[in-house]
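The values are calculated or read from the model by the stated rules, or taken from the named source; none is laboratory data. Note that the structure is a prediction, hence the values are computed from the model and not measured. Cβ: placed from backbone, ideal geometry, glycine included. Neighbour counts: every protein chain shown. Side chains are part of the model used for accessible areas, which takes the heavy atoms of the whole protein and leaves out ligands, DNA and RNA. Shrake-Rupley method; radii C 1.70, N 1.55, O 1.52, S 1.80 Å.
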Amino acid sequence: MTAPITELIHHSYRPPEGFDAPQPAVYKASTVFFPDVAAMRARDWKSKAGYTYGLHGTPTTFLLEERIAALEGGTDCVLTPSGLAAISLVSLALLHSGDEVLLPDNVYGPSKALAAGELANFGIRHRLYNPMNPQDLAAKIGPRTRLVWTEAAGSVTMEFPDLPELARLCRARNVVCALDNTWGAGLAFNPFDLEGDGLGVDISLHALTKYPSGGGDVLMGSVVTRDPALHLKLKLTHMRLGIGIGANDAEALLRALPSLALRYRAQDQAARQLAQWLAEREEIVQVLHPALPGTPGHTHWQTLCGPQDLAAGLFSVVFDDHYDAEQVDRFCDSLELFKIGYSWGGPISLVVPYDVALMRDPEVTPWPHKGTLVRFSIGLESAADLQADLAQALTRL
Ligand SMILES: *Cc1c(COP(=O)(O)O)cnc(C)c1O
């Protein structure tokens with residue numbers, strides 16, 4: 001008979017097998033047990049046929065990886081503790097000293113900061129290209145270019161590039177094409193099959209923080225691929241960097257995924273309604289939403305996302321430049337339902353003013369507007385209530 005304190009750890013009771021319920025179990029582990037030493041030595045941490053260590057996967061994280069790979073139309077998935085960690089993982093896995101990476105000038109801001117910071121420190125050069133001009137990309141792909149980032153649409157200025165053409169250029173030059181697919185969320189278009197004939201990007205990265213989480217309360221990223229060799233490269237770097245995810249965060253994602261498509265469409269519809277309403281207002285000179293005519297790249301959006309008729313619930317407006325930045329700040333401060341905050345895809349509508357001129361290189365992508373840009377992320381509130389909130393805040397300009 002072992003002592004009670006030992007019984008608290010090694011008690012022989014095992015709950016019966018066969019428990020089944022709507023939500024998958026949350027398995028938590030750093031240590032994973034092997035039945036014997038031979039099994040421990042034989043097990044391959046890279047294989048999903050078994051378990052070796054918490055960082056390399058549990059039933060909970062394997063399940064989430066498979067669901068995200070399916071969502072994006074890929075075959076393999078690596079999960080990271082944030083979207084930005086996924087971006088840095090791709091760069092560290094694929095780029096070596098002396099290599100060059102190309103970024104669209106409207107890329108997610110911290111991605112530029114990584115290139116100008118750590119990547120530059122490691123001897124990796126970056127150049128910016130105009131995503132709306134494929135010829136600019138074609139001209140900038142050089143013998144040292146190993147990776148090209150794309151984003152559709154740009155998440156502040158909303159330009160929608162000719163993504164199939166950008167992917168084709170990368171393929172023709174044998175350069176890895178990575179898409180930050182946070183905006184499309186795996187729903188608006190299939191990143192691995194852009195034209196129905198297998199033309200696609202090589203890597204689809206996603207800030208699961210946004211729509212898949214849907215709560216504004218989880219940070220997570222994913223990197224999905226179709227090429228096993230590319231996946232293996234990413235997986236090795238992922239393991240060596242030790243950037244795994246927590247079981248509770250995986251659970252939050254698994255709970256939110258079943259409603260992803262419903263939320264995305266509802267937020268899209270409300271956003272389009274509000275964007276159209278704002279387009280009629282005299283205070284606004286331009287509404288930027290890829291599904292609205294007049295937004296740069298609208299026809300590319302139509303070709304790629306028209307069949308699904310889907311867009312993220314995200315848009316920007318440019319105020320008439322006779323309103324100064326202070327007045328526009330006051331408009332944002334006067335909103336009551338819209339909260340001031342970064343990120344998007346959650347239940348609460350958000351607003352952020354941006355100074356776009358500071359965010360891009362005027363030589364690469366000149367910004368034609370003088371007025372302040374404000375980006376809205378539409379949540380799950382009633383669109384009528386949001387419209388009334390916008391109307392009252394516009395009177396405070
Ligand atoms: C939010 C976001 C990221 C980064 O995601 P985090 O989880 O916040 O690090 C990357 N790309 C885009 C387009 C984003 O909107």
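Numbers below:
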{"read-out": "Semi-axis lengths, Å, the chain, gyration tensor of Cα atoms, sqrt of 5 times eigenvalues", "value": "40, 27, 18"}
{"read-out": "Bridge type composition, region 37-258 - antiparallel percent by DSSP, nearest 5", "value": "40 percent"}
{"read-out": "Calculated [θ] (222 nm, deg cm²/dmol) that DSSP helices of n ≥ 4 give over the chain, each run adding -39,500 (n - 2.57)", "value": "-10000 deg cm²/dmol"}
{"read-out": "Formal net charge of residues neighbouring ALA139 (Cβ-Cβ distance under 12 Å; K, R +1; D, E -1)", "value": "+2"}
{"read-out": "Sparse-neighbourhood loop sites, GluC sites (Glu not before Pro) in region 1-85 - DSSP loop, at most 12 other Cβ within 10 angstrom", "value": "GLU17"}
{"read-out": "Qualifying lysines (Cα of each under 21 Å from Cα of LYS112; at least 8 residues distant if same chain)", "value": "LYS140, LYS210"}
{"read-out": "Residue-span extension gain [ALA172 to ARG14] - 0.36 nm each, minus C-alpha spacing", "value": "51.1 nm"}
{"read-out": "Cβ-based net charge around GLU151, under 12 Å, with every Lys or Arg adding one and every Asp or Glu removing one", "value": "-2"}
{"read-out": "Cysteines in the chain that, by Cβ-Cβ distance, have no pairing candidate under 4.7 Å", "value": "CYS77, CYS305, CYS332"}
{"read-out": "Exposed-loop-free span, longest in the chain, where chymotrypsin sites (Phe, Trp or Tyr not before Pro) count as exposed if DSSP calls them loop and at most 12 other C-beta atoms lie within 10 Å", "value": "34-341"}
{"read-out": "Probe 1.4 Å, protein heavy atoms only - accessible area per residue of the chain in square angstrom", "value": "46 Å²"}
{"read-out": "Dipole-positive endmost among GLY54, THR395, ALA266 within the chain (Cβ charges, Cα centre)", "value": "GLY54"}
{"read-out": "Candidates per trypsin sites (Lys or Arg not before Pro) in region 329-371, loop by DSSP, up to 13 other Cβ within 10 Å", "value": "LYS370"}
{"read-out": "Qualifying GluC sites (Glu not before Pro) in region 310-372, DSSP loop, other Cβ atoms within 10 Å at most 12", "value": "GLU336, GLU363"}
